[in-house]
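Here's the structure we're looking at; comments come further down.
The values are calculated or read from the model by the stated rules, or taken from the named source; none is laboratory data. Please read these numbers as outputs of a predicted model, since none were measured by experiment. Reconstructed Cβ throughout: ideal geometry from the backbone, glycine too, with neighbour counts over all protein chains shown. Note: accessible area is taken over every heavy atom of the protein model, side chains too, but ligands, DNA and RNA are not part of it. Shrake-Rupley method; radii C 1.70, N 1.55, O 1.52, S 1.80 Å.
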Amino acid sequence: MTAHGAGAAGIPEPEAAAGFPGEPDGFQRLWTPHRMVYVGGDAKPRDEGERECPFCAAPAHEDAERLVVARGAHVFAVLNLYPYNPGHLLICPYRHVADYTDLTPEETRELAEFSQVAMRTVRRVSGPDGFNLGMNQGAAGGAGIAAHLHQHVVPRWSGDANFLPIVAQTKALPQVHGDVRARLAEAWGSDDE
């Protein structure tokens, strides 16, 4: 590392713990200040109405701009802006509805079908070892955006919960959203097993 904290070709290197208050612990620091928008709630809707809802706004834009992977008649698949793992998808109804029991039979059917296609697509593109599927209902149930129902489809790999999320509360994501969205959108539904 040079005196200015830049390595070869001027690329910044992680900061060493030495020189910071407290005991040096030998860890390098992976700073993720962009996540403070999520942690602080700055990006969350100010109210529960459709005007502030990012899931209501996404379908009105270009797919790549809002990370939309696929669209159906009643639901759409979008990448989670703050993913647990690369390929973490959300299956959302177009209709602004909060509770699973309020979905129409058509919405329920297509949400389930899209979840299945999402799993098949992510398997083809990324080869995960498993998945977590789920809905957090209400703020008390853990929903970050409780006013608009969304099904999480989270690919999992053996060993993906290493020390970073446990000790450092940091997740290393090896792919940028644009690349993940493009690969999933291209592969969506191409093999309906």
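Peptides 97-108, 59-70 ranked from most to least packed give 59-70, 97-108, packing being the mean of other C-beta atoms within 10 angstrom over each peptide's residues. Placing +1 on the Cβ of every Lys and Arg and -1 on the Cβ of every Asp and Glu, with nothing else charged, gives the range 72-138 a dipole about its Cα centre of roughly 300 debye. Around the amide H of PHE76, modelled in the peptide plane, lie the amide H atoms of CYS92, TYR94, all under 5 Å away and 5 or more residues distant in sequence or on another chain. Note on SER158 and SER190: the extension gain reaches 8.9 nm, defined as 0.36 nm multiplied by sequence separation minus the Cα-Cα distance. Highest mean packing first, where packing is the average number of other Cβ atoms within 10 Å per residue, the peptides 112-120, 129-137 line up as 112-120, 129-137. Against the criterion of solvent-accessible heavy-atom surface with a 1.4 angstrom probe, VAL176, VAL154 sort, most first, into VAL176, VAL154. A simple spin-label model places the labels of ASP102 and ALA139 1.6 nm from each other, with each point 7 Å out along Cα-to-Cβ.
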